[in-house]
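The values are calculated or read from the model by the stated rules, or taken from the named source; none is laboratory data. Since the model is a prediction, treat every value here as computed from it, not as a measurement. No Cβ is skipped: glycine too gets one built from the backbone with ideal geometry, and neighbour counts run over all protein chains shown. Note: accessible area is taken over every heavy atom of the protein model, side chains too, but ligands, DNA and RNA are not part of it. Shrake-Rupley method; radii C 1.70, N 1.55, O 1.52, S 1.80 Å.
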Amino acid sequence: MGIVFHERTKEFHLYNQDISYILGILENGQPGQIYYGKRIHDSDSFQHLIEYGIKDMAPCAFEGNRMFSMEYLRQEYPSYGRGDMRYPAYELHQADGSRVSEFIYDGYSIFNGKKRLFGLPAVYVEAEDEAETLEIFLKENVTGTKLTLSYTIFRDFPVICRNALFRQEGKEPVVLKNAMSLCLDLPDADYEMVTLTGAWARERYIKIHPLHEGVQAVYSMRGHSSHQFNPFFALKRHETTEHTGEIIGMSLIYSGNFIGQVNVDTFGVARAMAGIHPEGFAWTLRKGECFQTPEAVCVYSQDGLNGMSQVFHKLYRKRLARGKWRDKVRPVVINSWEAVFMDFTENKILEIAETAKDLGVEMMVLDDGWFGKRDDDTSSLGDWYPNRDKLPGGIKGLAQKIENLGMRFGLWIEPEMISKDSDLYRKHPEWLIRVPYRQMCHGRNQYVLDFSKDEVVEGIGNMIISVLKDAEVSYIKWDMNRSISEAFSQNCEPEAQGKLFHKYVLGVYRLYERLETEFPDILFESCASGGARFDPGMLYYAPQCWTSDNTDAIERIRIQYGTSVVYPLSSMGCHVSAVPNHQTFRNTPLKTRADVAYFGCFGYEMDLNTLHEEEKREIREQIAFYKTYRSLIAEGKFYRLLSPFEGDEAAWMVVSEDNRVILAAYYRMRQPSNAPYKRLRLKGLEAGARYSIEGREGSYYGDELMYTGMVISDYACGIRPDPTRQGDYQSRLFILKML
Ligand code: GLA
């Protein structure tokens, strides 16, 4: 790994064993993009890779040099108004109304390690030699604004992290109307864009479409990262598959409004950008003030989508998630939500906990409905004190009783929200985000607190802290159930309005930081109506996230498959729930429900006391099974094998780091009639090693299992003695061990 600076040509080459990233200073002083991809040899000069030609009859060329126009140059952080007519990476509005600016090279710094980003989540290093960072300093000569573009390359990951930092040093204030975290001009547009899109209860479906001239984007303007689009996209070659081929993945470590955009010009250059969504964003910078963009992470792989995902998984598991729970096995939980919703008493919760304990569950999580006078969604958000009618001994009493059973206790909160029917609203109506004298939208009868204000974050934090200080709470599920509408900070000057969305997110991060500093032993799980804030920003604070409100096993195959494109299994909350399923009304076998939920942070979300003895026996076995394999599931290398988006079946597998243990799963959504033969080609085994398959005679070479495949044909074809059960919604697990 290293960063080389070529003085004569003013070129920087960042490289490790897998990748090279090369940029140079163009003749007008702006940084130009030269190359990003597979590692190449260093050279004194890469000037020949800076292609440009004047393609118009009358281009916007620089005075004194009619051959130099920004329109035809590939850049690192393009400006608005100096001849480039494509989308800019930032916009700087000035006191006289001008929006034209250009940042000119003013030096650089190279150092070992990586800086933390103030107030924002980011990938980190544990030792200085894990990464090297290049900072390029630029200056806007008219406004006096400084800009630092930062690039970190990792020793052990094919990863570049980027961010931008603005600092106003001129006398007059400027207003940043846009400030991307990343801009990458690629020399061709022969890519397909991979995105994760969806809606409530069907989050993160994989969508792939070819790039075309013009603009294509994923985005959120909802205040959180959203069910609809994840802050991620990848550009893959047409021939790239799950297992082979070139792909560049871009992921934004941020939990609020974002845009991920590719702008293809008519000369085939693809400009990829990621950052905070400019809609509604206006950040005034006075002398001495800074604006730090979130961090964007680029992963380059030649090993297909799986190759890219495996890099994201390890990086996010080991160098984004933090705290005591980062490397610890996660408890098997029972969550009260789909068991009792808000209709419970202390006894009811204890009865569920007792049965759960007996079956091997380690944590009882009390979901929504424990505070104020909350019995339905019309009241009490903001009143973070226990409902004594339901819980006579408060949270303290219940937690103590759960601990006495030999289990840990977890609690649901939704700190960013407020109900109109609450003591908090009666006391602080000005704490809501709303435009006074306009009607406001509610979402599930609730309203959003103005987390851009310190006193709100502080006040809510105090209430939550007093609950947590009083009781033995080991786990927090932090929910966020609606988007932000009527975005307006009450009683603030106009300038504050353009800062609202970003400051809101900073407020959320600050409260997480405060709670985690105060309670470092608590395991945090983030949540937003299921998976509406399943993003890398949240992962920095909460190592796991509730993947979706849809707990139907068949839907979950798709949701978890898509989520795994970026996020590790250790980050996905996955529970077995009752049938018929609450969201889809589908009946699936208990085995299939567990076979899907194993591939994440496992738990149950049902009233266990309504089950037959036979089902309880099965659950006891499931929990024992999960406990045996949970480290492998959390830490192993994950491969997607068969896509549920392409047919009626799906498969995936996890291989331990030393390639010795494999857990593979095959799911069949619909029973085919007179099924064809079927083999599963495994991945990541050692070709020359022999593996046993649990339940089968003999052993098999790794190469046979990878290239010929593991025969899993149906009994219908008379092949195997242990076939997939007949009918729809079936699954099979395979455990392989190296001999
Ligand atoms: C959201 C969450 C659920 C549950 C409910 C409680 O929908 O995603 O898991 O906590 O809120 O109101």
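Could the peptides 26-34, 666-674 be put in order, highest first, of the mean number of other beta-carbon atoms found within 10 Å of their residues?
With the highest mean Cβ count within 10 Å placed first, the list reads 26-34, 666-674.
Going by alpha carbons, how many degrees (0 to 90, nearest 10) lie between the helix axis of 346-359 and the longest principal axis of the chain?
80 degrees
Residue by residue, what Karplus-based ³J(HN,Hα) values in Hz, rounded to whole numbers, does the range 284-293 have, using 6.51, -1.76 and 1.60 with θ = phi - 60° and x for Gly and Pro?
6, 10, 9, 3, x, 8, 10, 10, 9, 7
Using the per-residue mean of other Cβ atoms lying within 10 Å as a proxy for protection, in what order, highest first, do the peptides 81-90, 613-622, 482-491 fall?
The most tightly packed comes first, giving 81-90, 482-491, 613-622.
Would you mind telling me the share, in percent, of accessible area of the range 615-739 contributed by carbon and sulfur at probe 1.4 angstrom?
Carbon and sulfur atoms account for 46 percent of the accessible area of the range 615-739.
Taking a 29 Å limit on the Cα-Cα distance, which of the listed pairs K591/K637; K10/K55; K236/K328; K177/K287 fall beyond it?
From K591/K637; K10/K55; K236/K328; K177/K287, over 29 Å: K236/K328.
At most 12 other Cβ atoms within 10 Å and a DSSP loop assignment: could you name the trypsin sites (Lys or Arg not before Pro) in the range 1-70 that fit?
R8, K55, R66
Excluding same-chain residues fewer than 8 positions from K469, which lysines have a Cα within less than 21 Å of its Cα?
K324, K390, K396, K401, K477
Which value results for Rg/Rh of the range 3-162 when Rg is the Cα radius of gyration and Rh the Kirkwood radius based on the inverse mean 1/r? Before the final figure, lay out each step's value.
Values: Rg = 16.9 Å, Rh = 17.1 Å.
That ratio equals 0.99.
Roughly what percent of Cα-Cα pairs across the range 472-620 reach past 18 Å? Don't skip to the end; give the middle numbers.
Working: 6999 of 11026 pairs.
When every Cα pair of the range 472-620 is considered, 63 percent fall beyond 18 Å.
With both partners inside the range 399-549, how many of the DSSP beta bridges are antiparallel, as a percent to the nearest 5?
Just about 35 percent of them are antiparallel.
Would you calculate the volume per residue, in Å³, of the smallest convex hull containing every Cα atom of the range 152-241?
185 Å³
Compute the accessible area per residue over the range 604-669, keeping the other protein chains in place, probe 1.4 Å, unit Å². Numbers along the way, then the final one.
On the way: 2650 Å² over 66 residues.
For the range 604-669, the per-residue accessible area is 40 Å².
How much length, in nm to one decimal, is gained on full extension between E704 and S673, taken as 0.36 nm per residue of separation minus their Cα-Cα distance?
8.3 nm
Per residue of the chain, what 222 nm ellipticity follows from adding -39500 (n - 2.57) for every DSSP H run with n ≥ 4, rounded to the nearest 500? Could you put the intermediate results ahead of the total?
On the way: 12 runs with 138 residues, N = 739.
That comes out to -5500 deg cm²/dmol.
Mean separation of Cα pairs under 8 Å and 6+ residues apart, divided by the residue count of the range 215-270: what relative contact order is that in percent?
45 percent
What value in Å³ per residue do you get for the convex hull of the alpha-carbon atoms in the range 211-303? Write down the numbers at each step before the final one.
Working: hull volume 12.4 nm³, N = 93.
It comes to 134 Å³ per residue, whole-number rounded.
Mean shadow of the range 304-416, computed from the convex hull of its alpha carbons, in nm²?
Values: hull surface 37.7 nm².
Result: a mean projected hull area of 9.4 nm².
Give me D for the chain in µm² s⁻¹, whole number, from Stokes-Einstein with Rh from the Kirkwood sum over alpha-carbon pairs, 20 °C and 1.002 mPa s.
For these conditions, the coefficient is 79 µm²/s.
Does anyone have the angle between helix 553-563 and the longest principal axis of the chain? Alpha-carbon axes, 0 to 90°, nearest 10?
Computed tilt is about 30 degrees.
One quarter of the convex hull surface, Cα atoms only: what value does that give for the range 401-468 in nm²?
6.1 nm²
Measuring with a 1.4 Å probe in the full set of protein chains, what accessible area per residue, in whole Å², belongs to the range 49-203?
42 Å²
How about the range 68-140: which GluC sites (Glu not before Pro) there lie in a loop by DSSP and see at most 12 other Cβ atoms within 10 Å?
Filter output for the range 68-140: E126.
Could you check what % of the DSSP bridge pairs in the chain are antiparallel, to the nearest 5?
Taking every DSSP beta bridge with both residues in the chain, the antiparallel ones total about 85 percent.
Given a 1.4 Å probe and every protein chain left where it sits, what share in percent of the accessible area of the range 22-67 is carbon and sulfur?
Working: 1400 of 2820 Å².
It is 50 percent, rounded to a whole number.
Through the Karplus equation 6.51 cos²θ - 1.76 cosθ + 1.60, θ set to phi - 60°, convert the phi angles of the range 117-124 into ³J(HN,Hα) values in whole Hz; use x for Gly and Pro.
9, 5, x, 10, x, 6, 5, 10
From Cα pairs below 8 angstrom and at least 6 apart in sequence, can you work out the relative contact order of the chain, rounded to a whole percent? Don't skip to the answer; put the middle values down first.
Values: 1824 pairs, mean separation 71.2, N = 739.
Rounded, it is 10 percent for the chain.
Sorting check: for 209-218, 559-568, which peptide has the highest mean count of neighbouring beta carbons within 10 Å, and how do the rest follow? Present the calculation step by step, with values, prior to reporting the outcome.
Details: 209-218: 14.5, 559-568: 26.3.
With the highest mean Cβ count within 10 Å placed first, the list reads 559-568, 209-218.
Residue by residue, what Karplus-based ³J(HN,Hα) values in Hz, rounded to whole numbers, does the range 393-401 have, using 6.51, -1.76 and 1.60 with θ = phi - 60° and x for Gly and Pro?
Karplus values, whole Hz, x for Gly and Pro: x, x, 5, 4, x, 5, 4, 4, 5.
Against the longest principal axis of the chain, how steep is helix 454-470, in degrees 0 to 90 to the nearest 10, with axes from Cα atoms?
30 degrees
Looking at the range 290-367, which chymotrypsin sites (Phe, Trp or Tyr not before Pro) are DSSP coil and have at most 15 other C-beta atoms within 10 Å of their C-beta?
When the chymotrypsin sites (Phe, Trp or Tyr not before Pro) of the range 290-367 are filtered for loop state and at most 15 Cβ neighbours within 10 Å, F341 remain.
Could you state the accessible area per residue of the range 365-436 in Å², with a 1.4 Å probe and every protein chain left in place?
36 Å²
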